[in-house]
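Every read-out reported here was derived from the displayed coordinates using simple, explicitly stated rules and does not represent laboratory data. A quick note: this is a predicted structure, and the numbers were derived from the prediction, not measured. Neighbour counts run over all protein chains shown; Cβ positions are idealised from the backbone, glycine included.
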Amino acid sequence: MVKERRSSTQTSVSYYRAGSAGSRLTPGDIPAGIIENARVLHVTGITPALSGDTMETIFAAIRRTRAAGVLVSFDVNHRSRLWDAGLTRPVYRELIASSDIVFAGVEEAALALDTSETSALLPTHDLAALGPSEVIIKRGAEGADAHIDGSAFHVDAVPVDVINTVGAGDAFVAGYLAERVRAASPESCLQMGASAGAFACTAAGDWESLPTREDVASLTRTNPVAR
């Protein structure tokens, strides 16, 4: 990955995944027991786009996860440079149907549902109708909407001075799942997701600004210097 800070407001990110080690992943590369002993398997829409082997690996991992009674989490994380909508939609829909928890941006949800609707009217329950019990639509500065076990939820974005939004969506998912594996309430999961995503926007890096729980707590600290 090559990331260029083109200006104070624009960032360009280029990925070179063809022929990478990740593109050669096969089902046999997943060690026995690692999935079966997990609390959640998290996958994204990037991996199945890399090769036929990686796509089979994702679905093989999900089959093992379902058989073991472990939660499956899927973040659409669409990358248009890897494949087009015509190829992605059926794969995404199958992954959504096979998952317990689904995360998507507004445009990603519209892609999976094959609709042009990308406003706040886009219902999370349409994605939930495909199978998952928890659907979270990330709306950036507008927060996030969720459809969890038949109930609707919303969380506002946490206001911060935004330096760079790269990695904010991943941080949101990480924060949500960190609470989810602790059997926290939907409200707590969403708030941790929103807080983690906000913290990730406060630095110029990508993974460098992914927060710890202590970092998230610091968002409400009035003194910017911790001693």
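Data for the structure
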{"read-out": "Positive-pole candidate from 25, 98, 193, dipole of the chain, charges at beta carbon", "value": "25"}
{"read-out": "For the chain, built as a Gaussian network whose Cα springs stay under 10 Å, the top-fluctuating residue of 132, 27, 48", "value": "27"}
{"read-out": "Around residue 175: net Lys/Arg minus Asp/Glu count, Cβ-Cβ under 12 Å", "value": "+1"}
{"read-out": "Among 169-175, 92-98, 50-56, 28-34, the order from most to least packed when residues are scored by Cβ within 10 Å on average", "value": "169-175, 92-98, 50-56, 28-34"}
{"read-out": "Backbone HN-Hα couplings from phi across region 19-33 [Karplus 6.51/-1.76/1.60, Hz, Gly and Pro as x]", "value": "x, 6, 4, x, 6, 9, 4, 10, x, x, 7, 8, x, 5, x"}
{"read-out": "GNM flexibility winner over the chain from 74, 153, 199 (Cα, springs under 10 Å)", "value": "153"}
{"read-out": "Taking 101, 46 and counting other C-beta atoms within 10 Å, the order from fewest to most", "value": "46, 101"}
{"read-out": "Mean Cβ neighbour count within 10 Å, used as a protection proxy, ranking 201-208, 57-64 highest first", "value": "57-64, 201-208"}
{"read-out": "Relative exposure of 42, 78, judged by other C-beta atoms within 10 Å (fewest first)", "value": "42, 78"}
{"read-out": "Structure-derived Rg and Dmax of the Cα atoms in Å: which label, when the choices are (1) 17.7, 54; (2) 15.8, 46; (3) 19.1, 63", "value": "(1)"}
{"read-out": "Which of 136, 163 has the fewest Cβ neighbours within 10 Å, and the rest in rising order", "value": "163, 136"}
